[in-house]
1. Can you work out the base-10 log of I(q)/I(0) for segment B:89-166 at q = 0.18 1/Å, using the Debye formula on its C-alpha atoms alone?
2. Which whole-Hz ³J(HN,Hα) couplings does segment B:162-179 yield from phi under the Karplus relation 6.51 cos²θ - 1.76 cosθ + 1.60, θ = phi - 60°, glycine and proline marked x?
3. Over the C-alpha atoms of segment B:26-115, what are the Rg and the largest Cα-to-Cα span, Dmax, in Å?
4. Between their Cα atoms, which of B:12/B:71; B:22/B:192; A:163/B:242; B:12/B:182 are more than 26 Å away from each other?
5. Suppose R0 equals 25 Å; then what is the FRET efficiency for residue A:85 and residue A:237 from their Cβ-Cβ distance, rounded to the nearest 0.05?
6. Under the definition of partner shielding as Cβ atoms of other protein chains within 10 Å of a residue Cβ, what is the mean value for peptide A:149-161?
7. Nearest 0.05, what FRET efficiency do residue A:158 and residue A:113 give at R0 = 22 Å with Cβ-Cβ as r?
8. How crowded by other chains is B:101-111, given as the mean number of beta carbons from other chains within 10 Å of each beta carbon?
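The values are calculated or read from the model by the stated rules, or taken from the named source; none is laboratory data. Fair warning: this is a prediction, and the values are worked out from it, not measured in the lab. Positions of Cβ are generated from backbone atoms using ideal geometry, with glycine treated the same way; all protein chains shown enter the neighbour counts. Remember, those area values only see protein heavy atoms, side chains included, never the ligands or the DNA or RNA. Shrake-Rupley method; radii C 1.70, N 1.55, O 1.52, S 1.80 Å.
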Amino acid sequence: MNVPAPRPFRVSTGARVGFLLLALYAFYAASQLDFTWDRFITGLDNGARFIGRMFPPNFSNWELLIKGLVESLQIAVLASLGGILISLPVSLLASRNLMPSWATWPARALIAVCRSLHPVIVAIFFVKAVGFGALAGILALVVASIGFIGKLFTEAIEEISLKQVEAVRATGASFANVILFGVLPQVFSRFVGFATYQTDSNLRSSTMVGIVGAGGIGGTLFAAFQRFDYDFVCAILLSIIALIMVGEMLANLIRAVFVEGLGFGSRDGKRPAPAVPSAAKEFD
Amino acid sequence: MTASLTIRGLVKEYKPGQPVLKGIDLEFDGAGLTAIIGASGTGKSTLIRCINRLVEPTAGEIIFAGEDIAKLRRGELRNARRRIGMVFQEYNLVERLSVMENLLTGRLGYTGAWQAWLRRFPAADIERSFALLETVGLASFADQRADSLSGGQRQRVGIARALMQEPRLMLADEPTSSLDPKTSVEIMTLLKEQGAAQGIPVIVNMHDVELSRRFADRIIGMKDGMVAFDGPPAELDHAMLKHIYGGEGWLH
């Protein structure tokens, strides 16, 4: 009897139906939202006028601009510092390979709550709670930092080699010393990577929280939009881009100083792999 | 002054009702190197880890320097561990720390967290670590990172770390199983010499029967969680090896 050879690369019926449904839904949603070619052409027209009014950028109001940028930078630096300092003990408590479950549970819950809300929503919350200004922005980004690097720190700690920890324990070292000599050397370079990434991310977020009144250049930007000062908007956007680029250079410098300077980097002197996991994109 | 170790009725069950150690009674007096041999899975490693409670014993007594280690509370246990050096199969050095820092790890039981963080160890400890590096033949390696060393060098650092503790007892869990034959002999020689020099008992888990015959003053053979043989190497004959490991084809 001839049994037909199984065909390779067969797509299951379920997958076919799934793709079909997805395509149908996309059409339906597009029709619901007036997502049509004509609408796009009308939009382009408007966009061209808008971009035309943005140039040349207007830097005449530079004092306001600098004030906003400096405030954003300060929000980012303070929020990162606070977030990192709080994340260190929280992530240690959350690590299941070092802590009993009564400690990991609450710590993990705290991280999960901090993670679940977008920084803008948290910023609105803090503006309502503590009033307009940079304090609300700082607090919002501290929360975001805990949610993000707290989780990454925890994962880094949970991936360490317990053999090294066991050897340090066997010498009669106290718990604090086990952490200092058995755990920290194994995670330090990754911590620095996560921390600088978070600082970078906070810098971007700090330009945004101002939109909801939580301080920084975002407020200035929003006001300029509302007044249709599009040339000033352009000046602000260019300044933000410059700020972010400078921030990135600073982050690389920090990594170089802390990781290579303290000898915790990878052995062959290469720069540690960029500590940005795939999930790291969501705050941008 | 020799610390003696007495183990009485030691039982360890990882799963209730399935003991890995089924009531071990052993005594270790004075100096000398004791090799524990036995097939894989007979509880050699568990036995040695119960002595400093890296593994929690289920029942029994472990009397070391007049204290029952099995009953100590956390702080007391840490104090007892400071006097028990341990050497591991895979060296278990802290890879990203320097050789010197790894040696000083042996003093962490006596060092406050703040001093440890700032690497402010007493001058005597630093001196001792340089002296020990000299002893194990790694004098020029103090500033190298542990993960840049070869296996044999790492195990030398492991032994030096244990000796930094000024131990009254030395445990070694298959210290040569990851090493080549020549390096294994060098490591065993170092363990034996240092045990004799400090006048302390050295207890070594081993796979290699010939190596244990060559270095041990006393051999303990384990089988199914029990002590099957306990005596000088000369008394360990083929019949006993066959009993401990099972089969006999490998003996010829």
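1. Taken in order of the listed q values, log10 I(q)/I(0) reads -0.63.
2. Per residue, the Karplus-derived 3J(HN,Hα) values read 5, 5, 4, 6, 6, x, 9, 7, 10, 10, 9, 9, 6, x, 10, 5, 9, 10 Hz.
3. Just the Cα atoms of segment B:26-115 yield Rg and Dmax of 15.0, 45 Å.
4. Beyond 26 Å between Cα atoms: B:22/B:192; A:163/B:242; B:12/B:182.
5. Calculated value: 0.20.
6. What the average comes to for A:149-161 is 0.
7. Calculated value: 0.65.
8. Partner-chain Cβ atoms within 10 Å, mean over residues of B:101-111: 5.
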